[in-house]
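K.L.:
The following block contains the structure, expressed as structure tokens.
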Amino acid sequence: MKTSIILILTVLLFNLNLNGQTRTIFGRVISEDLEPLPMLGIQGSDSLILGQTDMDGRFKISIPQETDSLLFRYLGMEWTDIRLKKDCDSIEIIMLYSGTYDFMSSKKIDRIRKERFDELPKLHSDAVKEGLFSTNTICYEREFKPDKPILDSISKVLKEERKANKNDFKDLNIGDVVKIPFGLDTSEKRISTHYSLCSNCTDEDYDYVIKGEIINKHRRKLILEIKITEMQPYNSLEYGGKILNVGSDFKYEMKYFEVIIDK
């Protein structure tokens, strides 16, 4: 009898201790146009996957007591990082779309993003009115994170790459033989150029390489006119709406795309 009582007490104490080490967080995640986000991934600060939302954007996860932040990830949306408050376990999140900001400065992009971010409290209230959220209380902390430092860093790298390509273009002459790197979709036998982040790459660094002779140069847009002298393993491929084969010529822009120069 004593043994049974001790065993029961041990199990109860273990369960109490276990429950004291975890915390249950529940809630819902929607987009800024107030649509539920199903199958959304939820991570902890250590990148551990903690769970995902159901088809209505709702979730319920158990996390360690010491976990103080969550990361919400969804395709086409900006990643959302929040800091939890100890006195609230109900989390209702609105995620912002990942916008396309072509030909804008990093400063202007962040200004537009910040304007959308500042609309979140109003959107939260709208979600409550629509019956999507249960309360107007937002019991977590969420900070706006500018993209400018990252965008400026990328811009600097691209600027250096364009400068290198410009110098290579100046050194090339009509009659020189170069290799043009391509991305290759073998299922459709279709090729498309892609920008390379590496310098002085070899043939093996690309999906496909076409060898050709420079027959003309256009300095204004850094365009090479190439006559194909060798292409393997296909005898012909479609590129830019044109069928290419040995003897064909095509235009290749070096402002953003590099060529392989055998030295």
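K.L.:
Residues I82, I109, I91: which one is within 22 Å of S31 (Cβ to Cβ), among the β-branched types (V, I, T), modelled with pLDDT under 90 and surrounded by 13 or more Cβ atoms within 10 Å (Cβ to Cβ)?
P.N.:
Only one candidate qualifies: I109.
K.L.:
Please determine whether any residue of the range 159-172 is in a loop (DSSP other than H, G, I, E, B), touching a residue at least 40 places away in the same chain (Cβ under 8 Å) and within 30 Å of V259 (Cβ to Cβ).
P.N.:
yes
K.L.:
May I pose another question? Which of the residues spanning the range 219-261 are part of a loop (DSSP other than H, G, I, E, B) and over 24 Å from V157 (Cα atoms)?
P.N.:
Matches in the range 219-261: M231, Q232, P233, Y234, N235, G240, G241, V246, G247, S248.
K.L.:
Moving on to the next point. On the basis of being of a type outside the set (F, W, Y), at pLDDT 85 or above, part of a loop (DSSP other than H, G, I, E, B) and touching a strand residue (DSSP E or B) at 6+ places or on another chain (Cβ under 8 Å), does N216 make the cut?
P.N.:
No; evaluated as a whole, the condition is false for this residue.
K.L.:
Just a yes or no: is a residue in the range 133-143 under 30 Å from Q21 (Cα atoms), assigned by TED's automatic domain parsing to the domain that holds I25 and in contact with a Gly (Cβ under 8 Å, 6 or more places away or on another chain)?
P.N.:
no
K.L.:
A follow-up question, please. Quick one: would you say G99 is under 16 Å from D33 (Cβ atoms), small (G, A, S) and at pLDDT 95 or above?
P.N.:
Answer is no for this residue.
K.L.:
Sticking with this one: Determine if the range 77-90 includes at least one residue that is within 18 Å of E35 (Cβ to Cβ) and touching a residue at least 40 places away in the same chain (Cβ under 8 Å).
P.N.:
Yes, the conditions are met somewhere in the range 77-90.
K.L.:
For residues that are touching a residue at least 12 places away in the same chain (Cβ under 8 Å) and not in a loop (DSSP other than H, G, I, E, B), tally how many sit in the range 137-157.
P.N.:
The number of residues fulfilling the criteria is 7.
K.L.:
Applying the selection to the range 216-231, what residues are in contact with an Asp or Glu (Cβ under 9 Å, 6 or more places away or on another chain) and aliphatic (A, V, I, L, M)?
P.N.:
Listed by number, the residues that qualify are L222, I223, L224, I226, I228.
K.L.:
Oh, and also: When you go through (1) surrounded by 14 or more Cβ atoms within 10 Å (Cβ to Cβ); (2) at pLDDT below 85; (3) among the hydrophobic types (A, V, I, L, M, F, W, C) one by one for L123, which number turns out not to apply?
P.N.:
(2) is the only condition that L123 fails.
The values are calculated or read from the model by the stated rules, or taken from the named source; none is laboratory data. For clarity, every value in this text was computed on a predicted model and none was experimentally measured. Note that we place each Cβ from the backbone using ideal geometry, even for glycine, and neighbour counts take in every protein chain shown.
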